[in-house]
Amino acid sequence: MYPTRFSRAGVLVAFGVVATFLAGCVSVAPVERTSTPAADSSVPAELQEYYGQELTWTSCDDDMECALAEAPLNWAEPSGEKIQLALVRQSALGGTAQGSLFVNPGGPGASGVDYISQNISGAVGKPLQEAFDVIGFDPRGVGQSSAVACFDAQRMDEYLFGVADNPVGTDAWIQETRESARELGEACQTNTGALLQYVDTVSAARDLDMLRSVVGDSKLNYLGYSYGTYLGAHYAELFPQNVGRLVLDGAIDPATSNFEVIKTQTIGFENAMKAFLADCIGSSGCPYRGTVDEAMAQVGSLLDSVQNNPITASDGRRLSSGTLLTALITPLYSQEAWPALKQILTATIAGNADLAFLSADLYHGREDGKYKDNSFEAFMGINCLDYEYNDDVSVMRAQASELAAAAPTFGRFQGYGDIGCAQWPYKNTTPRGELHAEGADPILVIGTTNDPATPYEWAVALSEQLDSGVLVTYVGEGHTAYSSSNACVADVVESYFLRGTVPDTDPRCESQ
């Protein structure tokens with residue numbers, strides 16, 4: 001019963017990718033290797049046990065290796081409780097590595113270990129795999145690292161997919177939603193423990209610098225998608241002297257407020273839906289005819305219809321507007337998934353909710369009634385510490401009206417999102433503001449002109465904030481650009497990582 005939010009950008013869920021994600025792994029006999037930490041006399045004595053630890057890498061997932069590192073629960077108290085951070089590594093295919101390349105797929109809450117071990121070809125081009133040890137890692141709170149834990153599957157289903165008893169926006173609905181959010185927060189606090197207070201992005205950036213050291217690198221080479229750009233930008237702000245080659249693809253503006261994030265994303269996904277409909281209308285299997293505006297009105301009517309009369313799926317769950325909206329925006333992350341969106345709309349119009357739930361389940365990491373990962377819990381835990389929230393009713397109602405005016409089809413269902421984190425046990429710890437990373441080497445910032453999840457203007461803003469930011473524009477559709485296999489973007493990114501080449505001017509790569 002939580003208000004739908006779009007800000008889980010960077011999970012990179014697309015229907016065409018799922019088969020790759022679910023590909024089987026081959027078990028191999030374990031072989032152990034160690035890493036030699038990079039010498040760094042600037043590290044304070046109280047942190048040396050972390051920066052100087054020696055990792056043991058064990059064979060896992062085909063030709064990859066896995067390891068666990070230790071980090072302090074609270075970097076301000078390094079002698080206190082410790083947490084674990086999970087890593088996976090594919091050694092440089094060319095035999096000799098010019099260093100490590102850390103990769104973060106976004107979220108927040110997406111598993112970098114799963115992303116690299118199950119989808120490395122979709123994450124990193126072959127030239128970079130040849131030259132670098134590619135490392136995926138689960139940030140604190142995520143996946144196989146010390147993780148946020150909240151509800152069991154049944155209670156999570158009730159939270160994510162339950163239909164509210166009261167009309168949206170009424171005082172009774174607000175109270176109902178607050179109670180539901182409070183129950184989630186209390187469960188997360190009980191089942192996660194002290195870690196829940198320390199899963200913020202600044203702490204994760206400090207972890208990343210320690211990981212850089214323990215794998216033997218004096219500088220960080222890093223590829224961050226979506227939320228991964230926020231993590232990377234904070235890293236550069238904290239450790240500009242340790243910045244090697246950073247690529248931030250699908251950038252987030254760190255100075256943007258939570259409400260502005262939601263408003264901009266809502267407009268972005270509404271524009272992406274219009275682009276889909278422009279392509280869909282007149283094509284085989286499209287459920288709509290007429291103009292794009294007429295089709296958008298029908299999409300809005302469909303959302304209203306399931307809000308007033310939820311459709312029961314074959315597993316007994318009831319499809320309301322919140323779940324349908326999640327189902328629609330999931331394939332809008334990637335143009336390759338537009339055919340699936342046709343099918344979802346066609347089935348839902350016909351009164352069948354199963355495909356809509358399949359799409360929403362993909363977004364939430366749910367399969368066969370179980371949750372494969374903790375991406376939603378981690379998303380909540382991290383975002384609740386990274387933004388400020390205000391669930392004053394008058395403010396939320398004014399913002400709901402603003403969202404509806406800005407995006408008439410989707411915006412009507414995007415209000416009141418501050419309720420969830422306003423009930424969280426811990427409050428914001430990361431002030432919103434510009435990041436400059438003064439003294440850092442050049443940092444590439446990539447923006448896609450019609451990216452619905454991390455709109456282009458955020459990339460422009462971040463590239464201008466960073467003292468050494470270099471903007472790379474991809475003129476096209478979808479979320480992130482390097483992973484879309486555009487030859488122009490790939491050449492810019494790979495030339496930068498391999499040779500340190502920075503474009504003199506924005507190349508403005510065109511879609512192919």
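Can you tell me which residue among Gly381, Gly369, Gly365 is free of Cβ contacts under 8 Å to residues at least 12 places away in the same chain and touching a helix residue (DSSP H, G or I) at 6+ places or on another chain (Cβ under 8 Å)? After ruling out the rest, the residue left standing is Gly365.
Give the residues of the stretch 360-381 that are under 16 Å from Leu325 (Cα atoms) and over 14 Å from the mean Cα position of the chain (by Cα), sorted by residue number.
Ala360, Asp361
Put simply, of Ser375, Ser394 the only residue that is open to solvent by 10 Å² or more (accessible area, probe 1.4 Å) and under 29 Å from Arg432 (Cβ atoms) is Ser394. Checking each residue in the stretch 121-157 for being open to solvent by 20 Å² or more (accessible area, probe 1.4 Å) and not in a loop (DSSP other than H, G, I, E, B) picks out Ser121, Gly122, Lys126, Pro127, Glu130, Asp133, Ala147, Ala153, Gln154, Arg155, Asp157.
So that you can scan it fast, the table gives a plain yes or no per residue for (1) closer than 26 Å to Phe376 by Cα; (2) at pLDDT below 95:
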| position | (1), (2) |
| --- | --- |
| Leu403 | yes, no |
| Gly439 | no, no |
| Gly447 | yes, no |
| Ala453 | yes, yes |
| Glu457 | no, no |
| Val472 | no, no |
| Asn486 | no, yes |
| Val492 | no, no |
| Gln512 | no, yes |
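Applying the criterion of at least 1 residues that are closer than 25 Å to Gln98 by Cβ and open to solvent by less than 20 Å² (accessible area, probe 1.4 Å) to the helices (runs of 4 or more DSSP H) found wholly in the stretch 171-271 leaves 201-214, 227-238.
For the stretch 122-162, filtering for residues that are of a type in the set (Asp, Glu) and under 19 Å from Asp361 (Cα atoms) leaves 3. Would you pick out the residues in the stretch 477-499 that are in contact (Cβ under 8 Å) with a residue 60 or more places away in the chain, among the small types (Gly, Ala, Ser) and open to solvent by less than 30 Å² (accessible area, probe 1.4 Å)? If the condition is that a residue be in contact (Cβ under 8 Å) with a residue 60 or more places away in the chain, among the small types (Gly, Ala, Ser) and open to solvent by less than 30 Å² (accessible area, probe 1.4 Å), then Gly478, Ala481, Ala490 are the ones that fit.
The values are calculated or read from the model by the stated rules, or taken from the named source; none is laboratory data. These figures come from a predicted structure and were not determined experimentally. Cβ: placed from backbone, ideal geometry, glycine included. Neighbour counts: every protein chain shown. Heads up: the accessible areas ignore ligands, DNA and RNA and are worked out on the full protein's heavy atoms, side chains in. Shrake-Rupley method; radii C 1.70, N 1.55, O 1.52, S 1.80 Å.
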